[in-house]
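Please read the structure below before turning to the comments.
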Amino acid sequence: MKILFTVGGSQAAVFGVAPLAAAARSAGHEILLAADEPLMAAAQSVGLPAVCITAERMRYGQDGTTAAARIDALLDLTGRWAPDLVVGGLSHVPRVLAARLKVPYVRHIWHIAPMARRDRTAVAELQPQLERLGLTELPAPDLFIDLCPPSLRPPGAPAARSMRWVPRVTQRRIEPWMYTRPEGRRRALITAGTRNLVLDTPGSSLRRLVQELTGRAWRC
């Protein structure tokens with residue numbers, strides 16, 4: 001089976017889908033990841049075969065955020081590499097693609113934020129694209145896979161197949177300070193994922209958290 005995985009947004013989307021894509025490949029399926037140019041390095045770092053779908057008009061900021069541009073880029077790709085299954089995440093663009101190609105669609109979510117209001121807005125905004133492609137409605141996913149632990153799923157979340165979280169991120173060289181404990185001091189380790197640059201923002205909540213935790217660690 002040929003499976004097309006689609007991601008957008010930040011590197012976290014690549015790292016979130018990587019375990020599922022790798023498992024599908026290990027099971028003997030042919031996989032391909034469709035991503036924007038800023039995410040290509042992250043895809044390569046975790047060993048996923050990826051193709052850039054950023055069209056020229058999107059690279060130069062012309063209609064770069066429109067659903068129509070993304071759908072057209074994906075249709076161009078699938079015209080040359082026809083998938084048997086499409087896997088997407090928060091965006092409903094791959095769902096439109098699957099409906100247009102008449103192949104099953106799997107939604108794969110990797111965070112705990114409520115989705116109902118966002119989904120209603122997104123579906124309404126995609127209505128012109130459905131009409132453009134000759135689709136009367138946006139069908140429900142054939143399968144919903146949720147990485148969020150069942151105990152943390154928000155109220156009203158749709159029924160889903162749970163999936164265990166498997167860390168899959170870019171590996172860096174281990175430095176001595178990472179595995180040695182400073183003499184006479186405790187250590188507080190904090191990760192902000194791909195959003196660590198907010199540490200440089202004056203007054204940010206993450207900066208306050210770091211200051212508070214390091215202060216406590218020092219006082220202990």
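The values are calculated or read from the model by the stated rules, or taken from the named source; none is laboratory data. All of these numbers come straight from a predicted model, not from anything done at the bench. All Cβ positions, glycine included, derive from the backbone under ideal geometry; neighbour counts span all protein chains shown. These accessible areas exclude ligands, DNA and RNA; they are computed on the full protein's heavy atoms, side chains included. Shrake-Rupley method; radii C 1.70, N 1.55, O 1.52, S 1.80 Å.
Determine the order of Arg186, Arg70 by accessible area, beginning with the largest, at a probe radius of 1.4 Å.
Result of the area sort, largest leading: Arg186, Arg70.
Quick one: net charge of Leu20's neighbours, Cβ under 13 Å, K/R +1, D/E -1?
Surrounding charge for Leu20 is +4.
So how do 133-145, 88-100, 154-166, 16-28 stack up, highest first, on mean other-Cβ count within 10 Å?
88-100, 16-28, 133-145, 154-166
Keeping all protein chains in place and using 1.4 angstrom, which order do Trp110, Trp81 fall into by accessible surface area, from largest down? Before the final figure, lay out the partial values.
On the way: Trp110 90, Trp81 40 Å².
If we order Trp110, Trp81 from most to least accessible, we get Trp110, Trp81.
Quick check: the distance between the Cα centres of the stretch 131-166 and the stretch 1-38, to the nearest angstrom?
17 Å
Not counting ligands, DNA or RNA, and with a 1.4 Å probe, what is Glu125's accessible surface area in Å² rounded to the nearest 10?
130 Å²
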